[in-house]
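The values are calculated or read from the model by the stated rules, or taken from the named source; none is laboratory data. All of these numbers come straight from a predicted model, not from anything done at the bench. A quick note on method: Cβ atoms are made from the backbone with ideal geometry, for glycine too, and the neighbour counts reach across all protein chains shown.
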Amino acid sequence: MVHEIIQAQCPNCSPHEPVPHDILKEKPDILIKCTLCDAIHPYYSEKKKKTNIRVVISAGDNSTKSTIVQDNDEIISVDDEFIVESGPEGDASFVLVTSIESGDKRVNSARADEIDTIWTRYTDTVTTKISITRGWQTESIEMEVPGEREFTVGEMLSSGSNSFVIKKIKVRDGKFLKRNGECIMAKYIKRIFADSSERMEWLRDYKKTGKKRPGKSYSGGPVIKPRGPSTWTLKRKEGN
């Protein structure tokens, strides 16, 4: 016969720390036997108190409200991820904790019963903002991607007619990823900075030949001259 084992305090040999027990009887009351000292005693499971927590869920410029139920002593922290039900049909979605309000203060973590509001954002699908440099101009586009989608510095991407290479990634905590091969999930990204494929080709050609980018000739006024692959300086052209 196989006995089910549970962890419980033993009043005889371990009143404060749980130790293994065999379950001898489950109904009408649970009766258990300590595997260390063979003491037999009833088992009373402690029912934890629960609390309702208000959750604000952001999706771009819009936000919705929901409620989650947690054990009173559950610790919730910024960057925790959990499932909430929201919308008229109660759809379940993953959200990421971005801020916690407790006692009129913003904190990094707190017990569930001390939290007033949790601020979150959806991570099932996220909008990734991308700034693409084309010659002297920079344009911004947005890509809808799964939150778990990883972007890598040096990665070639395409969106419609756009083809570009990731040069650096700004993370939501303010850090930048700049080394080739560094990667991060879309749900943690603030903005991606990229060079168009045409600009990358011109920069490679410029390094080899020193050939300037074709354009109009100027008789005066400011002239922008390249000083490396991503650094530019403003100079004025001297007169004759």
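Of the numbered criteria (1) surrounded by 15 or more Cβ atoms within 10 Å (Cβ to Cβ); (2) in contact with a Pro (Cβ under 7 Å, 6 or more places away or on another chain), the one ASP29 fails is (1). Taking segment 149-164 as the range and being surrounded by 17 or more Cβ atoms within 10 Å (Cβ to Cβ) and closer than 10 Å to SER196 by Cα as the test, the residues that pass are LEU157, PHE164.
Take SER131 and tell me if it is at negative phi, without any contact (Cβ under 8 Å) to a residue 24 or more places away in the chain and of a type in the set (S, T, N, Q). For SER131, the condition - at negative phi, without any contact (Cβ under 8 Å) to a residue 24 or more places away in the chain and of a type in the set (S, T, N, Q) - is not met.
Reported count of residues in segment 80-102, each being modelled with pLDDT under 90 and part of a loop (DSSP other than H, G, I, E, B), is 4.
The residues of segment 169-201 that are in contact (Cβ under 8 Å) with a residue 12 or more places away in the chain and under 18 Å from GLN137 (Cβ atoms), listed by number, are ARG191, ILE192, PHE193, ALA194, ASP195, SER196, SER197, GLU198, ARG199, MET200. Against the conditions (1) under 20 Å from the mean Cα position of the chain (by Cα); (2) closer than 30 Å to LYS65 by Cβ; (3) surrounded by fewer than 13 Cβ atoms within 10 Å (Cβ to Cβ); (4) modelled with pLDDT of 85 or more, LYS175 satisfies every one except (2). For segment 54-64, state whether one or more residues are surrounded by 14 or more Cβ atoms within 10 Å (Cβ to Cβ) and within 27 Å of GLU17 (Cβ to Cβ). No: segment 54-64 contains no residue that is surrounded by 14 or more Cβ atoms within 10 Å (Cβ to Cβ) and within 27 Å of GLU17 (Cβ to Cβ). Against the conditions (1) of a type in the set (Lys, Arg); (2) modelled with pLDDT of 85 or more; (3) outside any strand (DSSP E or B), LYS27 satisfies every one except (2).
Please indicate, with yes or no, whether at least one residue in segment 152-169 is of a type in the set (S, T, N, Q), in contact with an Asp or Glu (Cβ under 9 Å, 6 or more places away or on another chain), outside any helix (DSSP H, G or I) and at pLDDT 90 or above. Yes, segment 152-169 contains at least one residue that is of a type in the set (S, T, N, Q), in contact with an Asp or Glu (Cβ under 9 Å, 6 or more places away or on another chain), outside any helix (DSSP H, G or I) and at pLDDT 90 or above.
Determine, yes or no, whether LYS65 is under 28 Å from SER109 (Cα atoms) and not in a strand (DSSP E or B). Spelling it out, it is not the case that LYS65 is under 28 Å from SER109 (Cα atoms) and not in a strand (DSSP E or B).
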